[in-house]
Amino acid sequence: MKEEKSDRQVWLRFFLLFGSLSVLYFFVFYFCNKMLNHTNDALFFLTPNSAYWVYYSCSLIYGLATWGVYVSIKNGIQKKSFREFKVGVLLVFRLAAIPLFITLPFLYLSFTNAIVMTEEEFIYGTFWSLSTDHYTWEDVTKVEIDYSIPIESNPNRSSFNGRYILHFKDGRKFDVWQNTLEGETTEVQEIDAFLQTKNIPFFVRHVPSEDTINKYFSGNADFIRDLFSR
């Protein structure tokens, strides 16, 4: 029984340390992206899901490799043997060298994968491109406003999915509302206030009823009424 309990403790310590290291790497990768792309005058900043998947995958690989180095250092200290430490570290790097090398180009692509909106331009760095696309606000042909309410088995869990789609001359579209945290309207309101100063046409696909607005919105209901009345 004692041995079984000891094994459980070993596995628990492994998952706690490995998980902590992986989470740390994930946030390091994310903040590297933000430091490289975010600007103080940004009206909107987004790290796309494609970059998040890379950070998640790489953080597991880097977390596991770091755990291996930690175990090697620990064994070397416990046995007071530099050779034990050296053999362990070399083994870790031999096993992890190829996976770590493979992650490098994907990390580079993810660090340039960001969407930034400023008063001067709209910057879109797609994942598979080494270059970043820059759009002026004259490149936006229209703003499309729409919404949907997905059907849920439990009516109390239904949500209002707003759409605030920017259409560009080259055919690219970007939904600001869908890409804000949980569809909140605060950031959409700031972007909308700015875009109304530009000569960009607004088109409303569907207008929600007054009951729908009152059901899903309280303090910002007036903004929703104004937005969908254009």
How do the strands (runs of 3 or more DSSP E) wholly within segment 130-208 filter down when requiring 1 or more residues that are farther than 20 Å from Ser229 by Cβ and either at pLDDT 95 or above or open to solvent by 90 Å² or more (accessible area, probe 1.4 Å) (or both): which remain?
-> 133-135, 140-148, 161-168, 173-175
Taking Ser57 as the residue in question, decide whether it is assigned to a helix (DSSP H, G or I), open to solvent by 20 Å² or more (accessible area, probe 1.4 Å), among the polar types (S, T, N, Q) and at pLDDT 95 or above.
-> yes
Complete set of residues in segment 25-54 that are without any contact (Cβ under 8 Å) to a residue 24 or more places away in the chain and open to solvent by 80 Å² or more (accessible area, probe 1.4 Å) | Phe27, Phe31, Met35, Asn40, Asn49, Trp53
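So, of the residues in segment 210-230 that are part of a loop (DSSP other than H, G, I, E, B) and open to solvent by 60 Å² or more (accessible area, probe 1.4 Å), which turns out to be farthest from Ser158 (Cα to Cα)? Steps first, please.
Let us first name the residues in segment 210-230 that are part of a loop (DSSP other than H, G, I, E, B), namely 217-220, 228-230.
If we keep only those that are open to solvent by 60 Å² or more (accessible area, probe 1.4 Å) as well, we get 218-219, 229-230.
Working: Ser218: 16, Gly219: 19, Ser229: 23, Arg230: 26 Å.
For segment 210-230, the residue satisfying everything is Arg230.
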Which residue, of Phe93, Phe101, Phe82, is at pLDDT below 95 and loosely packed, with under 12 Cβ neighbours inside 10 Å?
-> Phe82
So, first residue without any contact (Cβ under 8 Å) to a residue 60 or more places away in the chain in segment 184-198, second residue part of a helix (DSSP H, G or I) and of a type in the set (A, V, I, L, M, F, W, C), Cβ within less than 6 Å, six or more apart or across chains; the pairs are Gln189/Phe223
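The values are calculated or read from the model by the stated rules, or taken from the named source; none is laboratory data. Just so it is clear, the model here is predicted, and its values are computed rather than measured. Neighbour counts run over all protein chains shown; Cβ positions are idealised from the backbone, glycine included. Accessible surface areas use protein heavy atoms only, side chains included; no ligands, DNA or RNA. Shrake-Rupley method; radii C 1.70, N 1.55, O 1.52, S 1.80 Å.
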